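Chemist: Next up is a structure, given as structure tokens.
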Amino acid sequence: MPRTQDAYLKWHDNLKTNVALNTPGATAADAAMLAADNTDLHAKAAAAAAAENASKAAHASLGAALSASQANARALAGRIKKSAGYTTAIGDTLQLEGAENSVAIAAQKPALTVVVKAGGVVEVSFGKLGGLVEGVHLYGLRDGEGVFTYLASETHSPYVDNRPLLVAGKPETRNYKAMFFTGKTEVGLQSDVAQATARP
């Protein structure tokens, strides 16, 4: 059976369509079971896709609001600290005192590096802008896959991709990309794609 969800759904579609009453070992009850399973699979897959799309849209909207809010708050803080009546006590109350941070997270993207290990293992390393973000959401794409899929939310580098090779003993190309996140919201820009050849 195919390992990936999309490939499995296509495989199951074919099985449902082509299992007939004269297929050796298959009965009418089996055909009915396949039809029911297939309908349920597609309904659940559609619901999951809709929920995922809605979640992505909501988090993208929140990310935009965070970026706009941070820019507004930074500008206001600057005006307050430059005003004639400003004191350190006021700054402490408003939590404006401390080291200056001029990094615009909205313009930053993760930098990924990959190291190939034995047994099909690939280590993906990343930074967190000196602690300004919580971590990265990692996405991967392997030989034969058409789209990147979510792998993990990582707060400590490196991420260890120890998935079995798709074909035992055969090297495969793996591509990775990432987004910074804070809370549940992705922030900044998408990383460049990092590629590695996983080997037995």
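Laboratory data are not the source of any read-out in this text; all were calculated from the coordinates shown. Quick caveat: nothing in here was measured; it's all calculated off a predicted structure. In this analysis, Cβ positions are derived from the backbone assuming ideal geometry, glycine residues included, and neighbour counts consider all displayed protein chains.
Chemist: Using alpha-carbon pairs under 8 Å, 6+ residues apart, how would you state the relative contact order of the chain in percent?
Modeler: On the way: 266 pairs, mean separation 37.6, N = 200.
Relative contact order comes out at 19 percent.
Chemist: Given (1) 55; (2) 51; (3) 34 as candidate values of percent of Cα pairs over 26 Å apart, which corresponds to the one derived from the coordinates?
Modeler: (1)
Chemist: So which aspartates and glutamates can Lys82 reach, going by Cα to Cα under 13 Å and dropping same-chain residues fewer than 8 places off?
Modeler: Glu97
Chemist: I need the phi-derived Karplus couplings for segment 43-50: 6.51 cos²θ - 1.76 cosθ + 1.60, θ = phi - 60°, integer Hz, Gly and Pro marked x.
Modeler: Each residue's phi maps through the Karplus curve to give 5, 5, 5, 5, 5, 5, 5, 5 Hz.
Chemist: Separate question: Sort Val114, Val187, Val160 by Cβ crowding within 10 Å, fewest neighbours at the top.
Modeler: Working: Val114 19, Val187 23, Val160 13.
Listing Val114, Val187, Val160 from fewest to most nearby Cβ atoms yields Val160, Val114, Val187.
Chemist: Using the alpha-carbon atoms, what tilt in degrees (0 to 90, nearest 10) does helix 5-18 show relative to the longest principal axis of the chain?
Modeler: Once rounded, the angle reads 20 degrees.
Chemist: Counting just the Cα atoms, what span does segment 2-117 cover along each of its three principal axes? Round to the nearest Å and put the largest first.
Modeler: The Cα atoms of segment 2-117 stretch 90, 36, 19 Å along their principal axes.
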